[in-house]
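What follows is a set of notes on a single structure, which appears directly below.
The values are calculated or read from the model by the stated rules, or taken from the named source; none is laboratory data. As the structure is a computational prediction, the values presented were derived from the model and not from experiment. All Cβ positions, glycine included, derive from the backbone under ideal geometry; neighbour counts span all protein chains shown.
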Amino acid sequence: MKKIYRIVFNTEETIINYIESIGIKVDSNEINAVFYIEENHEKFQDVQEKMKNYDFRVTVSTKFTKKEKDNAKYLIVKITWVNGYPMPDDAMEYREETYDNSLFCLSCGAGLKQNNSFLLKGEPKWGKKDFLKLFWVEDEIFMKKSTYETILKPLGINALPVLHYKTKKVLDTVVQLEIKDKLKIDLEDYTYTKCTSCNQIKYRIIENGFFPKILDNPKNSLVARTHEYFGHDALAFNYLIFSHDIYKAIIENKLKGIDFIPVE
Ligand SMILES: [Zn+2]
């Protein structure tokens, strides 16, 4: 496990020359510049020292080794290919088409319950990818149908049809994974807020380190969501969890568009 620091500062600063001189790429536009540095980089201390003279913002993320992921019994799913919007995309109308939104809370974003198929403009342009996440929909997984049928379906994972928005016909190349199981997470030491409109509890997004452990005793061949909500402001979502056997099938078949965070 490696900590990676993402540092954003004002482009005009002369520090860019120094950062590039130690072999780190700086991406900059007219306003901001950004670079990434691992905590075990030989110049990490120097960079820290030099940055003290500048205004900057820092966010930390964690990179896991393959071994850490291979050893995990359960893993949080991160879909890395984000493409397309749920339809209709005008004024978030998809919420009415695809969900029972009678308990939906506009303040905190919690309470949507899917009761209809997702609608898309057309077939996703898959290229080499196998997994897809839609914009605005943090906690659903879409998959190339042929990959799903050969790799995840045999493991007992169910899928739901996805429809073409205009014709309401089932799309040929995409399915949505069915995620019925919910797992409770040990979040005793984690920060949360309680919504003043609906009283829903929501935890801060977990960006760092291993994901906290699962309290329930989950089965094998599992695709599940956390019982708890995470997010900030009007964003609320559940993290999605795969069991090791599903992870293994995905890695062995080199499927694309997905990454994992091991659960403790
Ligand atoms: Zn609320």
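State all residues of region 102-144 that are among the hydrophobic types (A, V, I, L, M, F, W, C) and over 17 Å from Phe237 (Cβ atoms); if no residue qualifies, say none.
Filtering region 102-144 down to residues among the hydrophobic types (A, V, I, L, M, F, W, C) leaves 103-106, 108, 110, 112, 118-120, 126, 131-132, 134-137, 141-143.
Passing the criteria: Leu119, Leu120, Trp126, Met143.
Looking at Thr80, is it assigned by TED's automatic domain parsing to the domain that holds Ala224, of a type in the set (Ser, Thr, Tyr) and within 24 Å of the chain's Cα centre (by Cα)? Before you say what the answer is, go through the steps one by one.
Working: assigned by TED's automatic domain parsing to the domain that holds Ala224: yes; of a type in the set (Ser, Thr, Tyr): yes; within 24 Å of the chain's Cα centre (by Cα): yes.
Considered against the rule, which asks whether it is assigned by TED's automatic domain parsing to the domain that holds Ala224, of a type in the set (Ser, Thr, Tyr) and within 24 Å of the chain's Cα centre (by Cα), Thr80 comes out as yes.
Would you check which residues across region 86-114 are in a loop (DSSP other than H, G, I, E, B), away from the ligand (no atom under 16 Å from the Cβ) and surrounded by 14 or more Cβ atoms within 10 Å (Cβ to Cβ) and list them? Before the answer, list the steps.
Within region 86-114, the subset in a loop (DSSP other than H, G, I, E, B) is 86-89, 93, 101-112.
Still in the running and away from the ligand (no atom under 16 Å from the Cβ): 86-89, 93.
Result: Pro86, Met87, Pro88, Asp89.
Against the conditions (1) within 19 Å of the chain's Cα centre (by Cα); (2) surrounded by fewer than 20 Cβ atoms within 10 Å (Cβ to Cβ); (3) at pLDDT 95 or above, where does Lys180 fall short? Just the number, please.
Single failed check for Lys180: (3).
Considering only region 48-69, how many residues are in a loop (DSSP other than H, G, I, E, B) and of a type in the set (Phe, Trp, Tyr)?
Restricting attention to region 48-69, the residues satisfying the condition of being in a loop (DSSP other than H, G, I, E, B) are 52-55, 64-65.
Checking which are of a type in the set (Phe, Trp, Tyr) leaves us with 54, 64.
Total meeting the criteria: 2.
So which strands (runs of 3 or more DSSP E) are wholly in region 141-239 and hold at least 3 residues that are away from the ligand (no atom under 16 Å from the Cβ) and of a type in the set (A, V, I, L, M)? It would help to see each step written out before you state the result.
Numbers: elements: 142-144, 159-164, 170-177, 181-183, 192-194, 201-203, 223-226.
Once the strands (runs of 3 or more DSSP E) in region 141-239 are filtered for at least 3 residues that are away from the ligand (no atom under 16 Å from the Cβ) and of a type in the set (A, V, I, L, M), what remains is 159-164, 170-177.
Thr150 - would you say it is modelled with pLDDT under 95 and under 26 Å from Pro218 (Cβ atoms)?
Values: modelled with pLDDT under 95: no; under 26 Å from Pro218 (Cβ atoms): yes.
Taking the combined requirement at face value, the residue does not satisfy it.
Yes/no matrix, rows are residues, columns are (1) over 18 Å from Leu112 (Cβ atoms); (2) in contact with a helix residue (DSSP H, G or I) (Cβ under 6 Å, 6 or more places away or on another chain); (3) buried (at least 18 other Cβ atoms within 10 Å of the Cβ):
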residue	(1), (2), (3)
Trp126	yes, no, yes
Phe135	no, no, no
Asp172	yes, no, no
Tyr192	yes, no, no
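Which condition breaks for Ala72 when tested against (1) in a helix (DSSP H, G or I); (2) surrounded by 12 or more Cβ atoms within 10 Å (Cβ to Cβ)?
In the conditions (1) in a helix (DSSP H, G or I); (2) surrounded by 12 or more Cβ atoms within 10 Å (Cβ to Cβ), Ala72 misses (1) alone.
When Lys121 is evaluated against the numbered criteria (1) among the basic types (Lys, Arg); (2) over 16 Å from Ile258 (Cα atoms); (3) under 22 Å from the mean Cα position of the chain (by Cα), which criterion, by number, is the only one it fails?
Of everything listed in (1) among the basic types (Lys, Arg); (2) over 16 Å from Ile258 (Cα atoms); (3) under 22 Å from the mean Cα position of the chain (by Cα), Lys121 misses just condition (3).
Starting from region 176-200, take each residue that is assigned by TED's automatic domain parsing to the domain that holds Ala224 and small (Gly, Ala, Ser) and list its partners that are near the ligand (Cβ under 10 Å from one of its atoms) and assigned to a loop (DSSP other than H, G, I, E, B), counting only C-beta distances under 9 angstrom and pairs at least six apart or across chains.
Between residues of region 176-200 that are assigned by TED's automatic domain parsing to the domain that holds Ala224 and small (Gly, Ala, Ser) and residues that are near the ligand (Cβ under 10 Å from one of its atoms) and assigned to a loop (DSSP other than H, G, I, E, B), the close pairs are Ser197/Cys105; Ser197/Leu106; Ser197/Ser107; Ser197/Cys108.
Going by the structure shown, is Ile241 farther than 18 Å from Lys133 by Cβ, in contact (Cβ under 8 Å) with a residue 60 or more places away in the chain and in the same structural domain as Asn101 (by TED's automatic domain parsing)?
no
For (1) in contact with a Lys or Arg (Cβ under 6 Å, 6 or more places away or on another chain); (2) without any contact (Cβ under 8 Å) to a residue 40 or more places away in the chain, each residue gets a yes or a no:
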{"position": "Ile4", "(1), (2)": "yes, no"}
{"position": "Phe9", "(1), (2)": "no, no"}
{"position": "Glu13", "(1), (2)": "no, no"}
{"position": "Ile24", "(1), (2)": "no, yes"}
{"position": "Lys43", "(1), (2)": "no, yes"}
{"position": "Phe56", "(1), (2)": "no, no"}
{"position": "Lys63", "(1), (2)": "yes, no"}
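With (1) out of contact with any Asp or Glu (no Cβ under 8 Å at 6 or more places or on another chain); (2) free of Cβ contacts under 8 Å to residues at least 60 places away in the same chain; (3) under 21 Å from Lys125 (Cα atoms) as the list, and Ile141 as the residue in question, which single condition is left unmet?
(2)
Which numbered condition in (1) under 27 Å from Ile4 (Cβ atoms); (2) modelled with pLDDT under 95 is the only one that Tyr203 fails?
Only one criterion is unmet by Tyr203, namely (2).
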